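K.L.:
Quick one: the structure is below, questions incoming.
The values are calculated or read from the model by the stated rules, or taken from the named source; none is laboratory data. In this text the structure is predicted, and so the values were computed from the model without any measurement. Here Cβ is always computed from backbone atoms with ideal geometry, including for glycine, and neighbour counts include all displayed protein chains. Heavy atoms of the whole protein, side chains included, go into the accessibility calculation; ligands, DNA and RNA do not. Shrake-Rupley method; radii C 1.70, N 1.55, O 1.52, S 1.80 Å.
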Amino acid sequence: MDPVSQLASAGTFRALKEPLAFLRALELLFAIFAFATCGGYSGALRLSVDCVNKTESNLSIDIAFAYPFRLHQVTFEVPTCEGKERQKLALIGDSSSSAEFFVTVAVFAFLYSLAATVVYIFFQNKYRENNRGPLIDFIVTVVFSFLWLVGSSAWAKGLSDVKVATDPKEVLLLMSACKQPSNKCMAVHSPVMSSLNTSVVFGFLNFILWAGNIWFVFKETGWHSSGQRYLSDSMEKHSSSYNQGGYNQESYGSSGGYNQQASLGPSSDEFGQQPSGPASFTNQI
């Protein structure tokens, strides 16, 4: 049997049916979508400048940009409509920090989810040994939940800045030729941002997944088991003390009633012996 078959036979793929491993597999998949839709993006817009002198016009000005969105480094040339002179411009803004941070979190989340899924399937016994695996897993899950929230929020703000900076109407305002009413400036093609919008959605979905998985990882730790043991012990002590108190009270009540009944007066035997005295006296007479 080859090593791959041995490893597959030793693995417990039933772990994927449990919430812990199933959520890890979803996190792995969603992390791929997050960094692929953001890190693999490239877009372009096209502008048109129609000068009064048609020979100076340029009806197809293409401006391309891509990840990591250092827009201030994206340069292009446009006509000035004043002879053959060209104006060199650049887009405004730099969203590289938020985009790179978002992609970095997604890549490391993918790697950790992949490693954790393999451990859940093939090394479950070692994972639960000495409680170290669940504790490390719990801490990492909390950290990644926080990173996904910060990274997704930062990238959502960065994406809004990218949309403004690449809006054809905003770019046309940078051109000196478009400030003259005699020249006609138009937006021929706008960039498609659907992929970037999807990346933000997957970012917040990853945050929800990782935050929800905190509880299932916490249940594997010793903290949860010790808390459950303390709760059960306290409940057993409370119930035992309650039963003991009820038993004492019942026995006390029964003995007290018996003593009280005994002290009320003479017994039935005494009442039965009282007439014997006068009867014997009569017989003597």
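K.L.:
List the strands (runs of 3 or more DSSP E) that sit entirely inside the range 38-139 and contain at least 3 residues that are crowded, with 19+ Cβ neighbours inside 10 Å and in contact with a helix residue (DSSP H, G or I) (Cβ under 8 Å, 6 or more places away or on another chain).
P.N.:
Working: elements: 42-50, 58-66, 75-79, 86-90.
Where strands (runs of 3 or more DSSP E) fall fully within the range 38-139 and carry at least 3 residues being crowded, with 19+ Cβ neighbours inside 10 Å and in contact with a helix residue (DSSP H, G or I) (Cβ under 8 Å, 6 or more places away or on another chain), they are 42-50.
K.L.:
Suppose the filter is open to solvent by less than 70 Å² (accessible area, probe 1.4 Å) and within 23 Å of A99 (Cβ to Cβ); does S176 pass it?
P.N.:
Working: open to solvent by less than 70 Å² (accessible area, probe 1.4 Å): yes; within 23 Å of A99 (Cβ to Cβ): no.
In short, no.
K.L.:
I've got another one for you. Cβ contacts < 6 Å: first residue over 10 Å from L45 (Cα atoms), restricted to the range 60-74; second residue assigned to a strand (DSSP E or B) and open to solvent by 70 Å² or more (accessible area, probe 1.4 Å), any location; separation 6+ or different chain. Result?
P.N.:
Qualifying pairs under 6 Å: A66/S42.
K.L.:
Additional query: So M175 fits all but one of (1) in contact with a Leu (Cβ under 8 Å, 6 or more places away or on another chain); (2) under 29 Å from G39 (Cα atoms); what number is the exception?
P.N.:
(2)
K.L.:
Just the residues that are surrounded by fewer than 19 Cβ atoms within 10 Å (Cβ to Cβ) and in contact with a strand residue (DSSP E or B) (Cβ under 7 Å, 6 or more places away or on another chain), please, taken from the range 179-188.
P.N.:
K184, M186, A187, V188
K.L.:
If you don't mind, there's one more thing I want to ask. For W148, are the conditions met, namely being crowded, with 16+ Cβ neighbours inside 10 Å, closer than 24 Å to S42 by Cβ, of a type outside the set (D, E) and at pLDDT 95 or above?
P.N.:
Values: crowded, with 16+ Cβ neighbours inside 10 Å: yes; closer than 24 Å to S42 by Cβ: no; of a type outside the set (D, E): yes; at pLDDT 95 or above: yes.
In short, no.
K.L.:
Identify all residues within the range 173-218 that are closer than 17 Å to P19 by Cβ and either without any contact (Cβ under 8 Å) to a residue 24 or more places away in the chain or in contact with a Pro (Cβ under 7 Å, 6 or more places away or on another chain) (or both); write none if there are none.
P.N.:
Within the range 173-218, I208, W215, F216, V217 qualify.
K.L.:
Are there any pairs with C-beta distances below 7 angstrom linking a residue in the range 16-27 that is within 14 Å of W210 (Cβ to Cβ) and part of a helix (DSSP H, G or I) to a residue that is open to solvent by 40 Å² or more (accessible area, probe 1.4 Å) and modelled with pLDDT under 75, with the two at least 6 apart or on different chains, and if so which?
P.N.:
F22/L16; A25/L16
K.L.:
Continuing with this model, one more query. Can you tell me which residue within the range 189-242, out of those that are open to solvent by less than 80 Å² (accessible area, probe 1.4 Å) and among the aliphatic types (A, V, I, L, M), is modelled with the lowest pLDDT?
P.N.:
Restricting attention to the range 189-242, the residues satisfying the condition of being open to solvent by less than 80 Å² (accessible area, probe 1.4 Å) are 190-191, 193-200, 202-207, 209-214, 216-218, 220-222, 224-227, 232-234, 239-241.
Filter once more, so that each one left must be among the aliphatic types (A, V, I, L, M): 193, 196, 200, 205, 209, 211, 214, 217.
Numbers: M193: 94, L196: 96, V200: 97, L205: 96, L209: 94, A211: 95, I214: 92, V217: 88.
Only one residue tops the list, namely V217.
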